[in-house]
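Notes follow the structure.
Derivation of every value follows stated rules applied to the coordinates shown; laboratory data play no part. What you are looking at is a predicted structure, and each value in this text was computed from that prediction instead of being measured. Cβ placement follows ideal geometry from the backbone for every residue including glycine, while neighbour counts extend to all protein chains displayed.
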Amino acid sequence: MLRRYFFSFILIIFALSAIFAGEVSTGLELNSFLGLSLTNADFIYNKTDLNLKVKSILSEEIFLYGCLGTSYTGIFQENISTKNNLENASFFYPVEFSVDEAYISIKNFLLSGLDLQAGKQRISWGKADKINPTDVLNPVDLSMITDLAKKIPTLALNLKYYFPGLEDTGIQVVAQPYSGQSVLPVTFVEKRLTDKIKKNATNVSALEIDENWNGSVITPAYNITNGLIGGKIFGKIYGFDLSLSATRRINDIPYVKEIYLSNEVTIDYSHLDKTNAVVKDKYYLLDYHKETIIGFDMAKDWGIFLSWIELSVTFPDETKTKTYTFSSNIINNLSIPIPVPPYIITTNISTNTSLTEEKTILKDPYVKFVAGVDKNFDGGWYINFQYAHGLFMERGYEDERLQDYFVLNLEKTFFDDKLKFRLYGIADVDNIVERFKDSDITKSFMDNSAFMGAFEVCYSPLMGVNLKLGVMGIDGNGEATLAMYKDYDMVYLEFSTSF
Amino acid sequence: MNRLNLLILLTLLWATAFGLSGQEVLDKVEASLTGYSDQSATAEVTLGKIDGGVEETRIMKLWSAGKNRRVVKFASPPNVRDIGILVKSSDEMYIYLPAYKKVRRIQGSMKDQNFQGTDFSYREIGSFEYSDNYDSRVVKEDEKNITLELSKKPNSDAFYTRIIMYVDKENYLPLKLEMYVKEEARKVLTILQREKKEKYWILTHIRMEDLLKKHYTEIKMKDVIFDTGLEKKGVFSERFLEQPVK
């Protein structure tokens, strides 16, 4: 069925172009990525994307753009459920089709200086490099660790008005009928919940819990009340590129609305140090919440380097998490002291308890920001350094608190820019201010930080043709966000081009 | 003969005896190439190795006005289509990468780096402007040509310390430029063909050789149009940079 839609769409694009007698340009974009785990030699990624890009320029001021994607994800299905699957090619070689982007762009729409872009599109905000706290109009796609800045185009009406007589100064209004949801590895939610239970399990000498959870998600009602509206004013003052924005939307990353835990607790009164708890069943319910985001960004070339600052203040709607805990308590060797004469009655009993806790997790505003510089040097050197407080998935409350990131990107090109060495590193510190307050600062940093380092060799025999070989290592402790990616140590090979 | 006439006579005698100064020749060269208020053109770009064959051919669109205002966009091949740069002034440059749907400011020092794999730097592509950064003197003159030596001004951020420019005396058009960093020859720009269109001269076929990399880039200009009011049309803006190449 999807294939039929896909090819129908292509035909429609070409037919429309022919009708309007516009100039049609097409291109195929190919990207292949293979990631091999360094710890167990499993394939972490085996992905090939082939995108067809079609552009039809109908006039000087109107053009159509469409990008149709096919994606092959060659992760081997471990469990063959039926023998019939052996005859099913899509079981072993699953391919997805998608309409990545499809929009019409009209310059000087209705009045001079007003540009309209309508359709499924990527709208990119923010002047920082890839870490953009104000870039909130499209949901994030966190499926590839090598590209955590990837966003998913969404249906939008995008109007930009340029003030007459002022170069590149104007206002932009974006309306989306429905806020998009992110694509993310849900195991991170489960890992975080599991870690939290482990951390909060006090008065228990042994806790049995695995990381497999049952879960479900409430997607926002599919109506206009769950849309997005955003506005931005942008311009230039004294060599500074500036913009100020405001957006009302549904946060694209779900929060944990409810948690259900079923425990079995065994208490031995003769050996209180051997209280044992087993988490038998675990279930969570995810939901999305609304928020208002005020953003500001600025960039300036100082001659010797380029710098940027980008920040967002988020005002979340009040959001709560409920935890339901059911415990079956097995109490052994219960001692009942009788004053005279002293003796002990030994008995084993069972009881059940239930506990419901409700906690407000989001209410107060929080600030994310990034500041960075970059510079090109003679001889093909390039350096880019950024400090960020808060990444995409962090939300400014206890479990998803904003962390501190130091990001370094160092590049050197050789042989007429055909060969590039790239060293990329991120240091994630879980609350840098708190770390300095600890008595043993070094230990505090080591226990609450994560590091990601990657080294890449990129060969580009022709412009736009890239072959990349890289190795990536991640390690960390405590609740540093990056530590959740610890299993992603890998060596990877990427090929990309378009023709 | 009053004093003014005497002064004019002396000036003429000096000019006849010693010819034009280096700065005057350079001014004439720049005037002959930038006399128009604006220019737009399509360029066929060929990349190759000096001692080898052609590696790649691209189509670029160029728009320029004055000494610094420029927009350059790639029209083909598909892997670079719609990539563009906007130069608003000597220290204000932007790049548009369609893959990111974003105009991004780029650092000024990038202007001396190669423009998207060509042998022209960002500063050189679509521009012919030297007098702001160089002092000029005549080192040789014969019946047909003048040879200028351009020396980098003390406060200039220009990349080359010295440029030898060969100029055709007939129309004050450059024939060849040899560019040096200290005493090392880095690049040679050769004008292979020039053409007078309307009232302006244009360099229709030029070749830049990078002597260290042994690599060349040739640009053939076509569909050149002058004085169409590009500034008023808002061509030198981020808004225009984001528009796809027709």
For this session: Between residue A:72 and residue B:143, take the C-beta separation as r, use R0 = 60 Å, and let me know the FRET efficiency to the nearest 0.05.
Result: 0.30
For this session: Return the distance in nm (one decimal) between the two label points of a simple spin-label model at residue A:329 and residue A:423, each offset 7 Å from Cα along Cα→Cβ.
Result: 5.8
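According to the Cα gyration tensor, what semi-axes, each the square root of 5 times an eigenvalue, does the equivalent ellipsoid of chain B have, listed from largest to smallest in whole Å?
Numbers: eigenvalues 227, 89, 60 Å².
Listed largest to smallest, the semi-axes of chain B are 34, 21, 17 Å.
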For this session: Step through the table entries B:73/B:111; B:144/B:196; B:102/B:213; B:144/B:220, compare each Cα-Cα distance with 22 Å, and write down the pairs that go over it.
Result: B:102/B:213; B:144/B:220
For this session: Return the distance in nm (one decimal) between the two label points of a simple spin-label model at residue A:86 and residue A:491, each offset 7 Å from Cα along Cα→Cβ.
Result: 3.4
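Using a 10 Å cut-off around each Cβ of peptide B:77-88, what is the average number of partner chain Cβ atoms that fall inside? Please report the intermediate quantities before stating the final value.
On the way: counts 6, 10, 12, 4, 6, 2, 2, 0, 0, 1, 0, 3.
So the per-residue partner count for this stretch is 4.
Only counting other Cβ atoms within 10 Å, I'd like A:429, B:181 sorted with the fewest neighbours first. Please list the in-between numbers first.
Values: A:429 23, B:181 15.
Placing the least packed residue first, the sequence is B:181, A:429.
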Problem set entry | Zone residues, region A:151-178, relative to residue A:222, backbone N less than 20 Å from point 7 Å out along Cα-to-Cβ | A:152-157, A:176-178
For this session: Please determine, in degrees from 0 to 90 and to the nearest 10, the orientation of helix A:187-200 with respect to the longest principal axis defined by the Cα atoms of chain A, where the helix direction is its Cα long axis.
Result: 30
Problem set entry | Filtered chymotrypsin sites (Phe, Trp or Tyr not before Pro), region A:150-258: DSSP coil and at most 14 other beta carbons within 10 Å | A:222, A:238
For this session: Pairs of lysines 8 or more apart, or on different chains, with alpha carbons under 15 Å: count those in region A:350-499, would you?
Result: 5
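Work out the FRET efficiency for residue A:59 and residue A:439 from their Cβ-Cβ distance, taking R0 = 51 Å, and round it to the nearest 0.05. Please report the intermediate quantities before stating the final value.
Values: r = 70 Å, r/R0 = 1.37.
After rounding to 0.05, the efficiency reads 0.15.
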Exercise. Can you give the relative contact order of region B:71-132 as a percent, counting alpha carbon pairs under 8 Å and 6+ residues apart?
Worked result: 18
Problem set entry | Tail beyond 40 Å, pair distance distribution of chain A (Cα, percent) | 33
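Which order results if B:60, A:298 are arranged by neighbouring Cβ count within 10 Å, fewest first? Before the final figure, lay out the partial values.
Values: B:60 25, A:298 18.
Ranked by crowding around the Cβ, least crowded first: A:298, B:60.
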Exercise. Taking the Cα-to-Cβ direction at residue A:280 and at residue A:210 and moving 7 Å from each Cα, how far apart do the two end points lie in nm?
Worked result: 1.6
Exercise. Say a paramagnetic label sat at a point 7 Å from the Cα of residue A:199, along Cα to Cβ; which residues of region A:232-266 have their backbone N under 16 Å from it?
Worked result: A:256
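Determine, from the Cβ-Cβ distance of residue A:244 and residue A:371 and an R0 of 22 Å, the FRET efficiency 1/(1 + (r/R0)^6), rounded to the nearest 0.05. Show your work: numbers first, answer last.
Values: r = 17 Å, r/R0 = 0.78.
Calculated transfer efficiency: 0.80.
Using Cβ counts within 10 Å as a stand-in for footprinting exposure, how do B:170, A:258, B:24 rank, fewest first?
Details: B:170 8, A:258 17, B:24 14.
The order, fewest Cβ neighbours first, is B:170, B:24, A:258.
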